[in-house]
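Have a look at the structure below, then the notes.
The values are calculated or read from the model by the stated rules, or taken from the named source; none is laboratory data. Because the structure is a prediction, the values reported are computed rather than measured. As a convention, Cβ positions derive from the backbone with ideal geometry for all residues, glycine included, and neighbour counts pool all protein chains shown.
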Amino acid sequence: MSDETGCEILAKAEFCNGGGSVKDRAALFLIQDAIRKGQLRPGGTVVEGTAGNTGIGLAHMCLSMGFKCMIFMPNNQSKEKIEMLETLGAKVKTVPVVPWSDPNNYNHLARQFAETTENAVWTNQFDNTANRQAHIETTGPEIWEQTGGKVDVVTFGTGTGGTLSGVGIFLKEKNPAIKVILADPQGSVLYNYIKQGKLERTEGSSITEGIGQGRVTRNLEGAPIDDALLIPDTDAVNMTFRLLHEEGFFVGASTGLNVAAAVQVAKQIGPGHTIVTCLCDTGHKYYNKLFSKKEIEQRGLLDCIPPAYRVSLHN
Ligand SMILES: Cc1ncc(COP(=O)(O)O)c(C=O)c1O
């Protein structure tokens, strides 16, 4: 992608974290925050509403720290993530997909469970800013050090907003000229929010998981965001398969979206710049969705995968 654009496109390999995703960083900081505040004592229960990856990070840490883990998840998430959580000893409750405004939203159910359980904490990844603090203290400084301060733009898809916001806050303090660009999937409100100040969903729904949002979370509030890009699934999926076949990275669609955004930024600003994003997690978790020929066809996404790369789809 760097050769193609004349820019240096760098991506932090977040799938190398112990739990396999960028969300391990938030998970560690959320648990440490609960312990520090006395909300979680030895043998207690960590409760979270999560599309999966934060739960996997939390479950790993609960295992090693002697806590129990209870995860509430929307029932449209991949089977692989649920199986993995159960392997890690977490209890998983899948619940119907309803908006935040509905009291049965998975986050509210997680909060209620924690409130009615002794020695339990709802880590609240969306609105507990210990999440973005993880990126202020780790991801941001790593990007700064690993690029030797030579970074022009960072761009990330956002779920809780922790990554974009935390990295943005840290890097803008180091150098206010660094641009922070939010990359949004279809069906999310954030693109319109950044562009026009309106919480209005863009059309469609997305095959990506873990990103896209219907509101401004506390983690995103006040984030120094310069601009937003709307990346359709056709671009995110195309890039996911290109990354596999051309770069040797077997990643999920939120990573495809991140790199597609980085390439779009590179084309807009021209050669000679450094653009940083991250590879959020691996493709294994999405085997039955993103790599299923049937699923890809049903979503009308087959044509965006170059014919030679379709060997990676299974029946
Ligand atoms: C696969 C994946 N990519 C990206 C993100 C977005 O990260 P953040 O919540 O820091 O915005 C998530 C969050 O759950 C995720 O699971």
request  = Check Glu14, Glu4 and return the single one that is within 13 Å of the ligand (Cβ to nearest atom), modelled with pLDDT of 95 or more and assigned by the TED database to the domain that holds His245.
outcome  = Glu14
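Please pick out the residue among Ile82, Ile71, Ile56 that is without any contact (Cβ under 8 Å) to a residue 60 or more places away in the chain, in a helix (DSSP H, G or I), farther than 20 Å from His135 by Cβ and within 22 Å of the chain's Cα centre (by Cα).
Values: Ile71 fails: in a helix (DSSP H, G or I); Ile56 fails: farther than 20 Å from His135 by Cβ.
Testing whether each residue is without any contact (Cβ under 8 Å) to a residue 60 or more places away in the chain, in a helix (DSSP H, G or I), farther than 20 Å from His135 by Cβ and within 22 Å of the chain's Cα centre (by Cα) leaves just Ile82.
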query = Could we say that Gln125 is outside the structural domain of Thr155 (by the TED database), assigned to a loop (DSSP other than H, G, I, E, B) and under 30 Å from Phe170 (Cα atoms) here?
reply = yes
query = Got at least one residue in segment 88-108 being closer than 25 Å to Lys12 by Cβ, within 16 Å of the ligand (Cβ to nearest atom) and within 19 Å of the chain's Cα centre (by Cα)?
reply = no
